[in-house]
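Comments concern the structure below.
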Amino acid sequence: MKKHIFIATVALTGLVSLTSRAQVKLNTIGVGVSYWERSYDGVDERSFLGNYDANKGFDQGGFMPHLSAELGIFGGLGIDGRVGVWTGKFESETRFTGGRVIAEEIKQTIIPVSLGLVYRFDNLFEESWNIFAGAGLNRYFIQNKVSRTVTGGEVANTSDSFSGNDYGANIKAGVEYMFSETLGLALEGRYNTGSYEQTFQAAGDGPVQNYEVALKGIEASFSLRYRFKNETNTPDTNPE
């Protein structure tokens, strides 16, 4: 997972480094937090645990800190990138006659790296208020840490980790209020799509199954943004 964090950070840093290219200017950098709620019907992480009920819909939310950057291309059109870290926990407990108990847990970390196009409408309704909308691709870096504890009778503890990555997409829209020429607060709504595949074996000698687990769900976030003063977003106050 440290490798995935490094890759994600390098990806965002690479976006910022594009400011050295002609006609491309760094508009904003930001830091914020969102609440991403994965919600859908179908296979989810609970299917890898005991007492799984496929008839129940899936709903798992969590807070996700993130860093972002936006590059201006032409007019209100730009490229934006973001990297975040989302964590979740899935647990089950199965009790048998005779006092035997099997407790299972999955600790999950997802690092979504997003890159896409955004269009900004500055001062559309009132000065200091901006709105924006866009769409892009997501790259998910995923790690599931699985543990099983057996108590009552023969005690046994096992653990394992599974890592992988896959692609998805997102659409978004939001509003930004500028407290000053350079500092603003953005509120954003986003819908994420995507999935990943997980190999599962219910018992040591059971059949190996390959499940596709969705990553779709809505996301609401706020972020503090710093806007750079440059030719693409700041008028010339001293024209010649």
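The values are calculated or read from the model by the stated rules, or taken from the named source; none is laboratory data. Fair warning: this is a prediction, and the values are worked out from it, not measured in the lab. For neighbour counting, all protein chains shown are included, and Cβ atoms are generated from backbone atoms with ideal geometry for every residue, glycine included.
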Worksheet item: Would you pick out the residues in segment 174-187 that are in a loop (DSSP other than H, G, I, E, B) and either without any contact (Cβ under 8 Å) to a residue 12 or more places away in the chain or not hydroxyl-bearing (Ser, Thr, Tyr) (or both)?
Response: 179, 180, 181
Worksheet item: Pairs, please: C-beta under 6 Å, at least 6 apart or cross-chain, first residue over 18 Å from residue 95 (Cα atoms) and in segment 143-162, second at pLDDT below 75 and surrounded by 11 or more Cβ atoms within 10 Å (Cβ to Cβ)?
Response: 143/1
Worksheet item: How about segment 132-180: which of its residues are acidic (Asp, Glu) and touching a strand residue (DSSP E or B) at 6+ places or on another chain (Cβ under 7 Å)?
Response: 160, 166, 176
Worksheet item: Just a yes or no: is a residue in segment 67-83 under 24 Å from residue 165 (Cβ atoms), in contact (Cβ under 8 Å) with a residue 24 or more places away in the chain and among the β-branched types (Val, Ile, Thr)?
Response: yes
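For segment 86-95, name all the residues that are surrounded by fewer than 17 Cβ atoms within 10 Å (Cβ to Cβ) and touching a residue at least 12 places away in the same chain (Cβ under 8 Å). Steps first, please.
Initially, segment 86-95 is screened for residues surrounded by fewer than 17 Cβ atoms within 10 Å (Cβ to Cβ), giving 87-89, 91-95.
If the condition is that a residue be surrounded by fewer than 17 Cβ atoms within 10 Å (Cβ to Cβ) and touching a residue at least 12 places away in the same chain (Cβ under 8 Å), then 87, 88, 89, 91, 92, 93, 94 are the ones that fit.
Answer yes if at least one residue in segment 148-156 is at pLDDT below 80, of a type outside the set (D, E, K, R), over 16 Å from the mean Cα position of the chain (by Cα) and part of a strand (DSSP E or B), and no otherwise.
Step one: filter segment 148-156 for residues at pLDDT below 80, giving 152-156.
Checking which are of a type outside the set (D, E, K, R) leaves us with 152-153, 155-156.
Okay, now just the ones that are also over 16 Å from the mean Cα position of the chain (by Cα), so 152-153, 155-156.
Those still in the list that are part of a strand (DSSP E or B) too: 156.
Among the residues of segment 148-156, at least one is at pLDDT below 80, of a type outside the set (D, E, K, R), over 16 Å from the mean Cα position of the chain (by Cα) and part of a strand (DSSP E or B), which makes the answer yes.
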Response to the item:
Given (1) farther than 30 Å from residue 164 by Cβ; (2) in contact with a Lys or Arg (Cβ under 9 Å, 6 or more places away or on another chain), residue 123 misses just (2)
Worksheet entry | Of all residues making up segment 157-186, the number that are under 13 Å from the mean Cα position of the chain (by Cα) and of a type in the set (Gly, Ala, Ser) | 2
Discussion item. What are the pairs with Cβ atoms under 7 angstrom where one residue, in segment 19-35, is surrounded by fewer than 16 Cβ atoms within 10 Å (Cβ to Cβ) and in a strand (DSSP E or B) and the other, located anywhere, is among the hydroxyl-bearing types (Ser, Thr, Tyr) and at pLDDT 90 or above? Sequence gap at least six, or different chains.
Written reply: 31/223; 33/221
Discussion item. For the structure I just gave you, tell me whether residue 217 is surrounded by 13 or more Cβ atoms within 10 Å (Cβ to Cβ), in contact with a Gly (Cβ under 6 Å, 6 or more places away or on another chain) and at pLDDT 80 or above.
Written reply: no
Discussion item. Please pick out the residue among 142, 110, 106, 171 that is aliphatic (A, V, I, L, M), exposed (fewer than 15 other Cβ atoms within 10 Å of the Cβ) and assigned to a strand (DSSP E or B).
Written reply: 171
Item to complete: Scan segment 113-139 residue by residue and report those that are part of a strand (DSSP E or B) and either basic (Lys, Arg) or loosely packed, with under 12 Cβ neighbours inside 10 Å (or both).
Response: 120, 139
